[in-house]
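Since the structure comes first, as structure tokens, the remarks are kept for the end.
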Amino acid sequence: MECSKRQKLNNHSIDELYNLKIDEPDQNIYKKVINNLDHIAKPINGLGRFETLTALIGAITRTEHIDISKKAVIIMCSDNGIVEEGISQAGQEVTLAVAKNMSKKRSSVGRMAEMLNVDTIPVDIGINYDGEIPGVLNKKIRMGTRNFKYEPAMTEEETVKAIFTGIELVSEYKDKGYKILATGEMGIGNTTTSSAVAASLLCCDASIVTGRGAGLTDDKLKHKINIISEAIEKYKLYDETPINILKTVGGYDIAGLAGLCIGGALYHLPIVLDGVISMVAALIAERIVPGTVNYLIPSHKGKEPAVKLLSKQLGLEPVIDGNMALGEGTGAVMMFSLLDIALCIYQDQTTFSDIGIDEYKRLT
């Protein structure tokens, strides 16, 4: 919907969240973009998936004159109480340290984004630090989640507030002229929270979707799986709603990312997903607000075992198979560069007549 017709987000209630409605991307624009691509001097479908992704961006933004020149990666930073259980190599102090580096463009995603003229927007949505971080957008819900081994990680109110924080950021950055956004995250312990949410949503054993995160020994991995399995059993999460799963074993970063996904669908802005944590957030978003997935663009597969199952559930097959596990939105920023390369062919539109040869014809 256009800015003047946007659904008003006032109460931040769970009922308001469930009542959000998503329009389909414009299929007439999609067909126009495909037709335009067919008249460019190249084999039909010569750019493969990048042709359908280009058409999808046109359909999402409601124009065949596609412009994704102004980009940003929004990085949700938050701490997780479950770190107390020794499920990670590092402590929560690392989340704060990396967020500070992000604010100075010194982290991995900052370096990559700067090279590609992409803005980085680090967001403190739940860092365990009582103070302002210069250069980091302060949207703190709480100083880290609770330890889900003993109690739900978030309250329902906090969870809904975090989701709406993501939704409102999309609205804000669309108003600032951004044409496409990417999801990023930073938070020690968030491969544990995302694996717990994934296992619960997919109703599968924790061992199937839980990986080593930033690097765990076999014993530490087994401990991580046991912590997740115990929580699923304790809270009966296979039988719970997406919101209750998220609030029980998730994190403010995952909730904020889910909001970014929903916001992209509400405000007709393409959202490029990063790796497993973004994909867990995307599945949460789709389960809460059906139709959200049509506004999402996958980027990379990553190392975490949950990605394959999440991709299948979402119907989104990642493009980059680089065996990455860096996080921060780095895979999504890489995807920006590929979309730009593909789009330059569409925007230049050298036709068959320009080079004096007969057009290829679409057979089906």
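Laboratory data are not the source of any read-out in this text; all were calculated from the coordinates shown. Every value quoted in this text rests on a predicted model; they were computed, and no experiment measured them. For neighbour counting, all protein chains shown are included, and Cβ atoms are generated from backbone atoms with ideal geometry for every residue, glycine included.
Hydrophobic, long helices, defined as DSSP H runs whose alpha-carbon span along the helix axis is 24 Å or greater and whose mean Kyte-Doolittle value is at least -1.0, occur in the chain at 156-175, 218-235, 330-348. Using the alpha-carbon centroid of each, what span in Å lies between the range 216-270 and the range 199-213? Going from one Cα centre to the other spans 10 Å. For the range 244-344, rounded, prolate or oblate, judged on the Cα gyration tensor with a ≥ b ≥ c (square roots of eigenvalues), a/c < 1.5 rounded, else prolate if a/b > b/c? Since a/c reaches 1.5 but b/c is at least a/b, the shape of the range 244-344 is classed as oblate. Of the residues Ser353, Ser207, Ser103, the one that moves most in a GNM of the chain with alpha-carbon contacts below 10 Å is Ser353. Dividing the mean sequence gap of close Cα pairs (under 8 Å, 6+ apart) by how many residues the chain holds gives a relative contact order of 23 percent.
Using 0.36 nm per residue and subtracting the Cα-Cα separation, the extra length available between Lys222 and His39 on full extension is 60.4 nm.
Between Ile341 and Asp239, the modelled labels are 5.1 nm apart [label points 7 Å from Cα along Cα→Cβ].
How high is the FRET efficiency from Phe352 to Lys176, r the C-beta distance, R0 51 Å, rounded to 0.05? It comes to 0.85. Could you list the residues of the range 143-159 with an amide nitrogen less than 14 Å from a label point located 7 Å from the Cα of Ile14 in the Cα-to-C-beta direction? Backbone N within reach: 152-159. Just checking the listed ones, Ala285, Ala90, Ala258: in the Gaussian network model of the chain with Cα springs under 10 Å, the one fluctuating most is Ala90. Among Asp218, Asp124, the ranking by other beta carbons within 10 Å of each residue's beta carbon, starting with the fewest, stands as Asp218, Asp124.
At full extension, Asp23 and Asn147 could sit 40.9 nm farther apart than now, given 0.36 nm per residue minus the alpha carbon distance.
For the pair Thr52 and Leu363, what calculated FRET efficiency results from E = 1/(1 + (r/R0)^6), where r is the Cβ-Cβ distance and R0 = 22 Å, to the nearest 0.05?
About 0.85, to the nearest 0.05.
Treating cross-link reach as a plain straight distance, find the lysines whose alpha-carbon is under 19 Å from the alpha-carbon of Lys174, omitting any fewer than eight places away in the same chain. Output for Lys174: Lys5, Lys8, Lys21, Lys70, Lys71, Lys139.
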